[in-house]
Amino acid sequence: MNKYKFFINPAFDPACPGGCLEGDDVYAWLQSKAAPMSDALPGEKDFAALSQRLLLEGAKDLLIWDDLLKAAEMTYFAELTPLQGPSIDFCCGYGFWTGRILGKIDLGVDLFPEDGPYRRTIEGFRDHDFIGGAYRSVLQADVTEELPVPDNFFQSVVSVCSLEHIERADRVLATMARIVKPGGKVFLSLQTNRYIETFAKIFHPDYVGWVRENFCMHRDRAWRDWEELVLGAGFRITGRRFVLPTREAALKALAYWEEPFAPVLGDLGLERAVKEIPQFRAHYYDLVRRWSAGLAAPDDACIVCLTCEKKI
């Protein structure tokens, strides 16, 4: 096997910090921790309350597009918790929302690219205290390639709006099918073609192209196309939820323009108003609660959330 950067949360296993390890060593460590990983810890349940608290604590900025995008999606995941371990998060990034919502994740896997809009380092993940201690280990690897993890090992597999950014999503689903236990659960959130189509209705093609390029949006799949891909990987779908209707996606797009983390909308000073005016803050987070509970008609949904099991 190849060598991998693999770090272990010292609060979970102080005897093995990890580092640059042979794939066989990563594999063996995971096998040795199957029993202690087979627990389930609660996470945050109320997305609106969590978002408000993080804003007031200074842990996040007021990004309306982020609340719009994540409210219903994270509510879906919150309702699944506590997740039974061992658990794995594909394309974990720095797990800002998932680390808080899911409570604990036994293994996060990410490419941790050195450049591009998703540039980040695995060392940064470690230095963020494994995202507030939520992750027990983290692996730098290309999820479209063979991973050094055992077959039929994980009880819970999670992927949060990541497969639409991967050209060979079929390979990732094949790996999920290999590593999830029979009867284990795979939880996916997936952007549909309606998402970028909404951008295309509002913005010039040059800006839509910029969004595609900078956020690695390779293929536009309708929700039925996603289901076909998932079923083809050997799963059966036991539940689905359609969220982020195009009307909310349009508001998200407008709140996103032109630079997502410094949007023009920020010039209105809404963050200060939300922080300093209680009535304004209550109104805004009532909207976030409405977004959290919102559903969409299947053909109007920009995100589909699928609950899956491996066929036995």
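Structural remarks
- Of the residues making up the range 99-122, those that are assigned to a helix (DSSP H, G or I) and touching a Gly at 6+ places or on another chain (Cβ under 9 Å) are Gly99, Arg100, Ile101.
- For the range 143-183, a residue qualifies if it is under 16 Å from the mean Cα position of the chain (by Cα) and not hydrophobic (A, V, I, L, M, F, W, C), and the qualifying residues are Ser156, Ser159, Ser162, Glu164, His165.
- Residue within the range 1-12 that is modelled with pLDDT under 95 and either of a type outside the set (S, T, N, Q) or surrounded by 15 or more Cβ atoms within 10 Å (Cβ to Cβ) (or both) present: yes
- Top-ranked residue of the range 183-221 - restricted to ones that are without any contact (Cβ under 8 Å) to a residue 40 or more places away in the chain and among the hydrophobic types (A, V, I, L, M, F, W, C), ranked as farthest from Cys92 (Cα to Cα): Ala200
- Hey, Phe77 within 21 Å of Ala177 (Cα to Cα) and surrounded by 19 or more Cβ atoms within 10 Å (Cβ to Cβ) or not: yes
- Residue list for the range 224-276, filter: in a strand (DSSP E or B) and without any contact (Cβ under 8 Å) to a residue 60 or more places away in the chain: Pro245
- Top-ranked residue of the range 13-52 - restricted to ones that are in a loop (DSSP other than H, G, I, E, B) and among the aliphatic types (A, V, I, L, M), ranked as surrounded by the fewest Cβ atoms within 10 Å (Cβ to Cβ): Ala15
- Taking every residue in the range 104-127 that is farther than 25 Å from Thr81 by Cβ and touching a residue at least 12 places away in the same chain (Cβ under 8 Å) and pairing it with any residue that is in a loop (DSSP other than H, G, I, E, B) and charged (D, E, K, R), at least 6 positions away or on another chain, the pairs with Cβ-Cβ distances below 6 Å are Leu111/Asp142; Phe112/Arg120.
- Test: residue in the range 246-253 that is crowded, with 21+ Cβ neighbours inside 10 Å, out of contact with any Pro (no Cβ under 9 Å at 6 or more places or on another chain), at pLDDT 90 or above and under 26 Å from Lys311 (Cβ atoms): no
- In a residue-by-residue description of the range 292-306, the property of being assigned to a loop (DSSP other than H, G, I, E, B) and more than 23 Å from the chain's Cα centre (by Cα) applies to no position.
- Residue match in the range 171-186 (condition: assigned to a helix (DSSP H, G or I), closer than 24 Å to Ala222 by Cα, in contact with an Asp or Glu (Cβ under 9 Å, 6 or more places away or on another chain) and among the charged types (D, E, K, R)): yes
- So Phe96, is it in a loop (DSSP other than H, G, I, E, B), within 13 Å of the chain's Cα centre (by Cα) and more than 23 Å from Gly183 (Cβ to Cβ): yes
- Test: residue in the range 207-220 that is surrounded by 16 or more Cβ atoms within 10 Å (Cβ to Cβ), touching a strand residue (DSSP E or B) at 6+ places or on another chain (Cβ under 9 Å) and modelled with pLDDT of 95 or more: no
The values are calculated or read from the model by the stated rules, or taken from the named source; none is laboratory data. No experiment lies behind these values; they were computed from the predicted model shown. Cβ: placed from backbone, ideal geometry, glycine included. Neighbour counts: every protein chain shown.
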